[in-house]
Every structure is written in C-alpha cells, then in structure tokens.
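Every number here is computed from the coordinates shown, using simple stated rules; none is lab data. Here the structure is a predicted model, which means the values were calculated and not measured. Reconstructed Cβ throughout: ideal geometry from the backbone, glycine too, with neighbour counts over all protein chains shown.
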Amino acid sequence: MRCFTYRNCGFAWEVSRSLITADLSHSESRVQPEELLALISKELEELVRAADLDRISSKFKAITALFPYAARQERNGKNETLDLFLRAVRASKKRRFMWKRIIPPARTLLNEENHVSLKRAAILVSPHLQWRFSTNGNLIQLFAAAASAIPYTDEVGMSVVDTLLQIVSDDSVRSFVPVEMWSWLNKRPSLPPVCRGRRLASHRDVLQIVQAIGDVETLKSFLLLVWSEWNEWNELNEWNELNEWNEPDEWYRQSRWDRRDQRYQYSISNFSSLWDFTGIEMWRHREDLLQRLSHVLGRLDLGLWHLRLHNPDVSLGDIQRRKEQYGALQEVLLKVDMRATETLIREPLRSTIVFCLLIPADRHKAPLDVYVCNSPPVSIVACPGYTLCPFP
Amino acid sequence: MSTIYLRLEQISGDSDAIQLNRKPITTFFLWATRADILSGSQRFEWQSDTTRRRFLELWDRIHLANPAPAAIFLDALLRYVDVNHGRATECPGLEQSARAASFCLLGALPSIDSTSTAFKDIRKRYLAVIPRTANFEGLHCYYAINAIHATLVNNRPRRFFKWTGYQPNPQEHIFFAKTLAHAVHTRRNGKVPRWVLRFVIHSLSNDPQPPVPVIIDCLSIIAADLGCDVSHIGTAGLRGR
C-alpha cells in the first residue's frame, strides 16, 4: 500500500485538521501522557476500592486496552501502571476478563527476546487471557518458553500455575501443553481465593490427564493445589452425568439447584474410584493429602464470615457442600490408609531384617502407623502402646 | 478576490465582525474547499500563506457544527469510489484523491451532531451509494473508509475490519488517532466503539513506539471509556502539533 501523502489534500486537508482541533482553540496547554495516566489511575483505583464488580466488568475492554502501555512502562522500569492494571483485572473476579483482542500483543510480548520485563508482564496477565483462542498452540509454546526464561517469584509461579490449569481444563487446547510444563505444579505456589484455573481444573477429566503423566509427585501437587476451601470438586460435563444416571426428561424437570445437589452427591459417591493412592508405598503422599484435607476442613470450620473477608461470593451452601465433599474425601483416604495397614499386617513378614524404633505415643505424628519398604523388603510394626516415627 | 482578502484581514481580529459575517465567510470557505478537493490537480490559489492561515483561524471560530464540509467531502469520496456487487473499488488514477477525501470526511464527521437532520442526510446519501455490506478490502483508503462506514452505518454487519496490517507513517497515524479521539470526546451517548478500542490496542502495541501524540490520544480514549472526566484536558494540546 502506498504511503499517504498530503500533497493531494491541500486546503481540504487543513480544513479537516482545523475541524478536529477547533474546539480546543481556547486551550494552549499541552497535555502529557503522565497527566492522562494519572486520571486513568485515579479512576481504576476507585473502581478497585469500590469493588463494584459489575462496573469493572463493563469496562473490561478499556482496561484491556491499557495493557500494552502498561507493559511498555514496565520495560522502561516503571511498574506502577502494570501493578494497577493487574489489581484492576484481579478485582474483577471475572472469568476470561481480558478482551480476546489482546492476544496478538500478548504473543508479541511473550516472544520478546531481549526484554525479560515484557515477558514477565505477559506472564502475569496470562491467567486473564482467553486461551481458547490460541488455536494453533503457538501461543502456549511461547508461554512455556517465557515462563522458564524469567526469574521465579511467588507471583510468577501463581500466574503460571493458574494459567496452566486453565489451559489443561480446556480440551480444545490442552494437547498443546508441553510435558515439561507440568513440573510447575511441583512448585506449589499459593493460589489466590478467586482462582479460575483451580476451579476449572477441579474435575475428573483433568485428574485423569494428570494421572496419565505417571508421576506421583505431580499428581499429589495437583491435588494439593486444587483441594481448597475456595472451590469444590465439579463434574466437567453435565451431559456425561445425564447419560450415566438420569433420563433427559427427568433432568429438565429438575430445578437447577436440585441438579447441582445431585451432581455433588454423585461426585462424593464416586470419589473412591477417582484417586489412586491405594498402594502401601503411597503412605507419605497420603499423609500430605490428609494434612491438606484437615487444613481445608479447618478453614471451612471458621465459617462464612471469615471466608467472606477474602471472597464475598461464598455462600453458606458452598461451605456446606465443600465440607461434605472434603469430609467424604478424607474418609475415603483414611479407609485406603486403613486397608493398606491391614494388608500389611495380614501379609506374612517378608523382611530379612526387622527394625523397630519405638517412641512414646505422645510424639506420634499421624497417620504414620506402618512403614514398608519393598526393596529391600522391610516391614516395621509398632508394639501396643507405642508408635512409629520415620527413621532419622 | 483581493477585496475579499482585504476584508478578511480586516475582520480577523474582531469577534463581533466575524459573527456578523458568518454567512459570507462560510460561503467563501465552502466554495474554496469544493474547488480544492474536487478540482483534482488544480489548486485553489490563495493570495498568500498568511491569508490562508488567517482564513483558517477565522473558520475555526465560526464553523462549529457546520455539516457543509462533510457533505463536500462525501461528494468527493462518492465520486472516487465505486461499488460493484458489494466490492468497493477506486477509480483508476484517483486513488490518492479518494484517500484524501476519505481522510477529510473522517475528520469532518465528528463535528456534526449525530442526531441532526444534516447527519441523517449524509448517512442517507452515503448508504444510497455504498451498501451496508460493502467490502473495502484492497482500497488505498481501507482504514479511513472503514472508520467512516462504522461511524455512518449503525446496523452494519458484524464483520470488523482488522488493524493487523495497519502500519501508517507517523503523520497519518497522528491524524487518525486525533480524529478518533475527537470522535470519542464529542460522542453524545453510549460507550466507545470496539473498533476504536482495537485501534488503541494496535497503536499502543506498535513497535517501535508510536509518536507521543498518538499515545496521548489513545490514553484519552481509554480515559473516556473508563468514565474519566477529560473535558478539562480533553485532547488539549493537540493543536499546533
């Protein structure tokens, strides 16, 4: 396309120009970007402070449009704009907050070879992008490369894990995730109360994908991340449930809330088939998972008021459901643990050497009742009145 | 002509005289504009640059909300652009004229009240020649005419034009940003159109960095959409850049 030249416009061009600037003829002042940025910052601060979700959501396109400028400021060493932008985006608590039109600029930032700060900016906003539109997987590859190229911080870890969980919960793009990305789960960053990735990944399909990786540590990290007082286990596809346990007509006759309750009951009844922590050698992981469940249930016991301090959307019904779910899950794990113990006790001792390290029960740390090492085969059994502790 | 110029010189510093002579000044201006934009290679001859500048200053003070220039620019645009079976083409050899006309029209439109009869008349004349579903791909004035189309056609098909390949030279970029910012600041209702915000995203993402006036206009568009009161600064300072 040829460049536009003003020779052909002549006077008409100047007329047009004068039309544009006419209403400003009274003003001789020259506004600077900093002044406009101060105005925008003030408005965003107010939006964040008021926590008016509807208003923030209605401005999502304008807020998104600020991102390229915030990233450019970050490159120049001024991170206030990006911080404010991120606060506004996080305050929205909305799924897929950022406008899909931001994906091309985000791709460019992730691909910046020489500017780590730009990559960092793109990584920090990544949980708010609409990853479904990265249909060729190139964006996900860039994301993975950029994540490994920037220094690790809690904020970066949180963003990467949140994004990773979002991507794997979407069956249209999850195949593009590189295998090495899964190791990010093992960093176990603390996810925020409102975390889209954790909520979306709390379903059976994602669990099966993580199980298929075949790494127990990754599976445990995944469960430790998604089990939270802020969300419950969900079934991904209501239509699958429909086929499994209900007739369509009956399904439609039910109210939304009835369906929801039944869905959770269904989930609870199927917990035992979801986890594979039944091996005796899994005791250490069971301990970590049981500790996590105790922590979650303890937080839920603090009540609605306490949880609403961090997330006003939590309801009493949510807490009740989560208590039921995580309580049921705890029972399942305890049963598994108990079965493993029984199996071990019933099994003839195969050990060549038996070590017993007996300590008083008051120093016992639950649930270490039995420790078995298969290679070489060693079993350790506690005497009555005593319990075991791990070897130093 | 010299008498007219002399008179213009005389009244240029007198506000009351300008207001009293609004109509003749407007008539002269429109005649000059029409002669300029429709004549192709022939230019309207001004006595001197000073006279021309003085006249523009006069025009600045009286033209507000005058739809006549937009009508002239629309005439020019419709003369240079043809639509066959929904596909728009430029008359051979007149591509740059079409581009100039489209830029001028884009600049003139925001100053007209969109609820006025004049605006409706412009829209009617535009739609009589260019259908709602027109495809402007391949035109030299692709971006400007799409912006005009988006401004004039309310219920246009949901087929947005892309800014992806938009790499203007700095001067054109400044003009475009200024025009859109002005359109946003003078809008009477509703939010900032999506295509304008897409322009903002595209412009601010450009590498190398766009000129400072473009950044200012883009930020002012964002501020306006966020609901900031930009009336006291608006796009002040744009003048004279």
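Quick rundown of the values:
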read-out	value
Average beta-carbon neighbours from other chains, 10 Å sphere, peptide A:63-75	5
Label point at B:Lys23 placed 7 Å out along Cα→Cβ; residues across the stretch B:68-101 whose backbone nitrogen lies under 17 Å	B:68
Projected label distance in nm at B:Asp113 and A:Trp305, using a 7 Å step from Cα toward the beta-carbon	5.8 nm
Cα→Cβ-extended label distance, 7 Å offset, between B:Asp229 and A:Asn186, nm	5.8 nm
Full-stretch length increase - A:Asn111, A:Arg49 - with 0.36 nm per residue and alpha-carbon distance subtracted	18.9 nm
Lysines whose Cα lies under 19 Å from that of A:Lys100, excluding same-chain neighbours fewer than 8 positions away	A:Lys59, A:Lys61, A:Lys119, B:Lys162, B:Lys191
Most to least packed among B:115-128, A:180-193, B:199-212 [average Cβ atoms within 10 Å]	B:199-212, A:180-193, B:115-128
Protection proxy ranking, peptides B:72-79, A:36-43, B:97-104, average beta carbon neighbours within 10 Å, highest first	B:97-104, B:72-79, A:36-43
Global form of the stretch B:66-161, assessed from the alpha-carbon gyration tensor, a/c cut-off 1.5	oblate
Per-residue average of Cβ from other chains inside 10 Å of B:203-213	4
Neighbouring partner chain Cβ atoms per residue of A:102-112, average, 10 Å criterion	2
Taking all pairs of distinct alpha-carbon atoms in the stretch A:38-191, Kirkwood radius in angstrom	15.7 Å
Nearest-0.05 FRET efficiency for A:Leu316 and A:Asp288, computed from C-beta distance (R0 25 Å)	0.25
Pairwise label distance in nanometres, A:Gln208 with A:Glu342, each label 7 Å out on the Cα-Cβ vector	2.9 nm
